[in-house]
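To start, the structure itself, in structure tokens.
The values are calculated or read from the model by the stated rules, or taken from the named source; none is laboratory data. All values reported here derive from a predicted model rather than from experimental measurement. Every residue, glycine as well, gets a Cβ built from its backbone with ideal geometry; the counts of neighbours run over all protein chains shown.
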Amino acid sequence: MILKQLKQNGIEAVIITFLIVAAMSVSMFYPATVRHIEMPQNGTLLFNSLYEKFFGGISSLTQIVSLFLMAIEIALVVLMNLNYELTRAKSTVFILILSMVSLSYIPHNTLLPEQVANIFITLGIIKVLSSHSVDNAEFMFFDAGLFFGIAALFCIPAAFLLIIGIIALIIYRPYRFSEFVVYLIGFCTPVLFYVSGYYYFESTMEPIWDSYKEAFQAPVYRGLEKPQIISFGLYLVMIASASVFLLQEYPKYNLFASRTYKMFFIFFVLTLLLAASPYFSVQVVRLAVTPLTMLYVTVFNNFPARRTLFAEIFFAMFIVVYMGVQALWFAA
């Protein structure tokens with residue numbers, strides 16, 4: 001059984017993971033799917049300037065960089081799980097699930113501002129989790145705010161992380177005004193540095209203001225192709241199934257784990273609200289990769305022993321549907 005092999009983390013698990021991820025990744029470069037790839041649509045002036053300077057548009061290089069950034073995301077999520085033991089799942093399970101979630105809608109799988117933001121988001125979440133067991137967490141929340149602020153420098157919708165940090169303060173800590181202020185200072189620090197530097201070199205800040213005005217003036221075309229509709233439908237089915245499971249298992253979690261899953265759930269819901277906004281491309285869903293991966297991994301790894309067969313069937317269906325979505329892009 002595939003899920004059983006992945007949980008053992010042996011050579012068989014590595015081979016299975018490699019074959020599935022490779023099969024999904026190679027379709028990124030196939031001519032029949034490349035034509036569907038869309039340009040980044042939620043980037044800030046900083047991201048767009050760097051993208052044009054170093055890449056100039058969609059190419060094999062942007063897709064290779066995308067895979068490299070995805071590898072960093074996987075490494076950070078695995079590291080976060082190892083440090084805080086949110087689940088006992090093996091690394092291969094994380095690699096497979098995060099890869100499949102990230103690669104499930106090909107048009108968005110080139111270099112995106114959300115991918116750059118996700119790296120700093122995960123670093124910020126790690127700092128938030130570190131605050132749970134210490135008395136004075138000002139420095140940790142400053143670091144968390146700093147990482148969230150850097151994420152917002154590259155991806156406009158990532159500015160909502162300001163809210164996530166405040167929610168984390170409420171969930172994890174007794175309210176302290178000093179930690180709240182320090183978090184806000186941390187979030188604003190990279191933004192102020194960038195704005196100051198831009199003004200120093202350009203003697204104007206109008207392009208920055210204009211880029212944000214444009215982002216909220218005209219609604220974005222939100223047409224979805226059939227594979228994308230199936231992908232998002234699968235998300236809804238998986239989330240519904242996972243929610244039922246987590247509600248049953250929630251009383252068994254310790255205080256730290258229950259607070260963390262609560263934060264991940266809020267994070268995911270806020271991302272969906274952003275995706276529903278007419279001013280952001282559906283590429284913004286890419287910001288939800290970390291909470292979505294943690295949710296999937298928790299469900300697949302923690303099925304009761306008496307439901308092993310059901311877990312294997314459920315996981316096999318998960319893989320088959322995701323692989324089927326990939327095949328649809330070849331025919332689309």
Return a yes/no flag: does segment 63-86 have any residue that is farther than 29 Å from F318 by Cβ and modelled with pLDDT under 80.
no
Confirm whether I95 is buried (at least 20 other Cβ atoms within 10 Å of the Cβ) and either within 30 Å of F232 (Cβ to Cβ) or modelled with pLDDT of 80 or more (or both).
yes
Subset of segment 145-188, residues hydroxyl-bearing (S, T, Y) and either surrounded by 18 or more Cβ atoms within 10 Å (Cβ to Cβ) or in contact (Cβ under 8 Å) with a residue 40 or more places away in the chain (or both), comes to Y172, S178, Y183
State yes or no: is E52 charged (D, E, K, R) and either surrounded by 20 or more Cβ atoms within 10 Å (Cβ to Cβ) or not in a helix (DSSP H, G or I) (or both)?
no
Yes/no for I125 being in contact (Cβ under 8 Å) with a residue 12 or more places away in the chain, closer than 17 Å to M80 by Cα and out of contact with any helix residue (DSSP H, G or I) (no Cβ under 6 Å at 6 or more places or on another chain):
yes
Which residues, taken from segment 276-299, are in contact with a Leu (Cβ under 9 Å, 6 or more places away or on another chain) and closer than 17 Å to L112 by Cβ?
F280, V282, Q283, V284, V285, R286, L287, A288, V289, T290, L292, T293
Just need a number here: residues in segment 273-294 that are under 20 Å from A240 (Cα atoms), of a type outside the set (D, E, K, R) and either touching an Asp or Glu at 6+ places or on another chain (Cβ under 7 Å) or modelled with pLDDT of 80 or more (or both).
11
The conditions are (1) farther than 20 Å from F256 by Cβ; (2) crowded, with 17+ Cβ neighbours inside 10 Å, and V191 fails exactly one of them. Which is it?
(2)
Meets criteria (within 23 Å of L274 (Cα to Cα) and either aromatic (F, W, Y) or modelled with pLDDT of 85 or more (or both)) for A158:
yes
Filter result for the condition that a residue is under 20 Å from A257 (Cβ atoms), hydrophobic (A, V, I, L, M, F, W, C) and either surrounded by 24 or more Cβ atoms within 10 Å (Cβ to Cβ) or in contact (Cβ under 8 Å) with a residue 12 or more places away in the chain (or both), over V134, V77, V116:
V77
